[in-house]
Amino acid sequence: MDRLKSPARLMIVSDLDHTMVDHHDSENLSLLRFNALWESNYRHDSLLVFSTGRSPTLYKQLRKEKPMLTPDITITSVGTEITYGNSLVPDDGWVEILNQKWNRNLVVEESSKFPELTLQSETEQRPHKISFYVEKAKAQAVTKALKECFEKHGLDVKIIYSGGMDLDILPQGAGKGQALAYLLKKLKSEGKLPKNTLVCGDSGNDAELFSIPEVYGVMVSNAQEELLQWHAENAKNNPKIIHATERCASGIIQAIGHFSLGPNTSPRDVTDFLDCKLENVNPGHEVVKFYLFFERWRRAEVENSEPYLASLKAACDPSASFVHPFGVEQSLCDTINAMRSCYGDKQGKQLRVWVDRVLPVQISSNTWLVKFNKWELCGEDRRCCMTTAILSSKDATSISDGFTWMHVHQTWFDESEPQDQSTWLF
Ligand code: GLC
Ligand code: MG
C-alpha cells in the first residue's frame, strides 16, 4: 500500500471466483482483457484488491491455475484475513479486532449438532471462519435455527450463504464489507482515501461490499440469485450499483465505462497497433502493447508483414541490448529480426502472454525504468521472467510520440527456467 504516495485514482475491490475469474471461459479471455487494461492504464496510480472467500491455500492454488495479476491487497477467507503485497503480509490490527467477542470453540461445538451441515475441507477452516456445505433447499431453515442457537449461547456471529451451497460462520465484525470499511478507514487516516472505489461481485458473500457508503458497485451478469435478491431488497434504488450485461471481468470493464471511472478500452480490444494513437500514453501501456503484439505474432493473429517489424525496430535505440534470461546479450534490433522465424510458431497452441506488476519509475526527464513480470502460458507450460526495461520518450517535452526502448534485461522467476533454450525469444 505504501507504493502509492497519494490517493489512488481508482481502487477496485473484486471477488475472484465467477467475478474476476470466469470458470466457464477456458481461454480466460475476459481476465486477460482486464489484465491488459489494468497494467496499461491503472497499475501505476491505482490499487487492486482481491476479496475472496477462499483461504490463502486455495487462493494460491487459483493463482497457479489462472492468469491472474498480483493485487496490492489480498483479502481472503470472506474478509477475515487482510494481507499486503506479493508476500501476503498480514494486517495484525484486523486480527486483533476480530479476536474480540469470538469464541471459535463454542461455535464449532454448537454447529456440529446440525446434521444438515457438512464441514468443508480442513484448508477452509480458518481462525475466524468456519465453513460448511448445505443443500440449497435447507439453507434458510438451517440459518434461522443456527442463529437462534447462537443467540441462546450469547454468541454474536455472522452467517453467510453463498453460491447456493456454502455456509460460512464468522465473527459479527468480519465479512468482506467490514474488511473493506476497515481498509478505507485506514487509507483515510493516512490521507490516501481512493478517489473512486469500485466493488465487484457475484454471490452472497459479496453483498456486504455493496452496502459500503460512497462506493460504486457492479454485480456481474452471471451473479447468483442470492445476490440479486439481496440487491432487490436492499439497494434497488442506488444508482451507483449496476447489474452488468457482461460476464465476470468483462462486466468489471463495463462498469468502469458506465461510471466513467477512467479508460475502459483494453489494449486487447485494439486490433491494429500501428494506427493506435492513445489518449493515455505511458510506459506501462508501451510494455503491454509490445507483449501483446508478441503473442499475436506467434499465434499468427496479425499479418506477417515487414511494416510491423520495421515499426518495432524504429522504437528501439540502435545501441539497445537485450539480456536474455539464459545470460546471453544481443542487440535488441537483432532480437526483433529473429522474430521473423517465429511467426505463427504457436498457432493453435493457445499461447498467452501477459505482464504483471508493471511499475515505471522515472529516472530522468525523459527516461523510465520499468520493472514487471512477464508471463507466458502455452498448454501446461507456464513460466515467468522478471524483466527490467529502460524506455525513453523520443521527445523530452512530450511523450505523445511514443517511446524508444533502450535496454531490456530478463531473469527467470522461481523455477521457470525451461529445459529447451532454443525456443525462447523475449
Ligand atoms: C470459497 C471458500 C469457501 C467459502 C465460500 C463462500 O469457496 O473456499 O470456504 O465457504 O468461498 O464464502
Ligand atoms: Mg464469487
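Compute the angle between helix 225-234 and the longest alpha-carbon principal axis of the chain, please, reported from 0 to 90 degrees and rounded to the nearest 10.
Taking the Cα atoms of the chain, the angle to 225-234 is about 70 degrees.
Once both labels are modelled 7 Å past Cα along the beta-carbon direction, what's the Leu119-Lys5 spacing in nm?
My value for the distance between the label points is 5.2 nm.
Could you check what % of the DSSP bridge pairs in the chain are antiparallel, to the nearest 5? Please report the intermediate quantities before stating the final value.
On the way: 54 of 78 bridges.
Bridges in the chain are about 70 percent antiparallel.
Calculate the spin-label point distance for Ser112 paired with Met165, positioning each point 7 Å from the Cα along the beta-carbon direction, and give it in nanometres.
Going from the Met165 label point to the Ser112 one covers 2.5 nm.
How much FRET efficiency would the formula 1/(1 + (r/R0)^6) give for Glu329 and Leu359, where r is the Cβ-Cβ distance and R0 is 22 Å, rounded to 0.05? It would help to have the intermediate numbers written out before the result.
Values: r = 24 Å, r/R0 = 1.08.
Working from the Cβ atoms, E equals 0.40.
Please go through the residue pairs Lys64/Lys236; Lys144/Lys185; Lys66/Lys176; Lys188/Lys289; Lys138/Lys176 and name each one whose alpha carbons sit more than 27 Å apart in this structure.
On the way: Lys64/Lys236 37 Å; Lys144/Lys185 32 Å; Lys66/Lys176 22 Å; Lys188/Lys289 35 Å; Lys138/Lys176 24 Å.
Cα-Cα > 27 Å for Lys64/Lys236; Lys144/Lys185; Lys188/Lys289; rest within.
In what order do Val199, Val323 fall by count of nearby beta-carbon atoms within 10 Å, going from fewest to most? Could you put the intermediate results ahead of the total?
Values: Val199 30, Val323 16.
Fewest-to-most ranking of Val199, Val323: Val323, Val199.
Using only Cα atoms, find the angle between the long axis of helix 56-65 and the longest principal axis of the chain, and express it within 0 to 90 degrees, rounded to the nearest 10.
40
Multiply the residue gap between Glu233 and Cys149 by 0.36 nm, knock off their C-alpha separation, and tell me the result in nm, one decimal place. Please report the intermediate quantities before stating the final value.
Numbers: separation 84, 0.36 × 84 = 30.24 nm, distance 2.60 nm.
Full-extension gain reported as 27.6 nm.
Report the net charge of residues surrounding Asn373, where surrounding means a beta-carbon distance below 9 angstrom and charges are Lys +1, Arg +1, Asp -1, Glu -1.
Working: positive: Arg357, Lys371, Lys374; negative: Asp356.
It works out to a net charge of +2.
Roughly speaking, what is the stretch gain from Glu190 to Leu88, that is 0.36 nm per residue apart minus the C-alpha to C-alpha distance, in nm to one decimal? Please list the in-between numbers first.
Working: separation 102, 0.36 × 102 = 36.72 nm, distance 2.04 nm.
Extending this stretch completely gives an extra 34.7 nm.
Go ahead and run the numbers for FRET between Leu29 and His243, Cβ-Cβ distance against an R0 of 25 Å, rounding to 0.05. Numbers along the way, then the final one.
Values: r = 21 Å, r/R0 = 0.85.
It comes to 0.75.
Please report the relative contact order for the stretch 97-250, taking Cα pairs under 8 Å with a sequence separation of at least 6, and give it as a percent rounded to a whole number.
Values: 210 pairs, mean separation 26.4, N = 154.
Value for the stretch 97-250: 17 percent.
Would you please put 349-362, 259-272, 45-58 in order of how densely packed they are, using the mean number of other Cβ atoms within 10 angstrom per residue and starting with the highest?
On the way: 349-362: 17.7, 259-272: 15.9, 45-58: 22.1.
Output ranking for 349-362, 259-272, 45-58: 45-58, 349-362, 259-272.
Under 17 Å from a label point 7 Å along Cα→Cβ of Glu225: give me every residue in the stretch 161-175 with its amide N that close.
Residues passing the 17 Å test: 161-167.
Taking the Cα-to-Cβ direction at Asp156 and at Ser311 and moving 7 Å from each Cα, how far apart do the two end points lie in nm?
Result for the modelled spin labels: 6.1 nm.
Could you give the distance between the Cα centres of the stretch 309-359 and the stretch 43-106, to the whole Å?
Each part's Cα centre sits 35 Å from the other's.
Counting other beta carbons within 10 Å of each residue's own, what order do Ser211, Ser40, Ser131 fall into, fewest first?
On the way: Ser211 17, Ser40 27, Ser131 23.
Fewest-to-most ranking of Ser211, Ser40, Ser131: Ser211, Ser131, Ser40.
I need Tyr343, Tyr291 ordered by Cβ neighbour count within 10 Å, fewest first. Walk me through the intermediate numbers first.
Values: Tyr343 18, Tyr291 22.
So the residues, fewest neighbours to most, are Tyr343, Tyr291.
Given Cα pairs under 8 Å that are at least 6 residues apart, what percent is the relative contact order of the chain?
After rounding, I find 15 percent.
Taken together, the values in this text are just the output of simple stated rules run on the coordinates, not laboratory data. The structure presented is a predicted model; accordingly, all values stated were derived computationally and were not measured. Please note: Cβ atoms are built from the backbone with ideal geometry, for glycine as well, and neighbour counts cover all protein chains shown.
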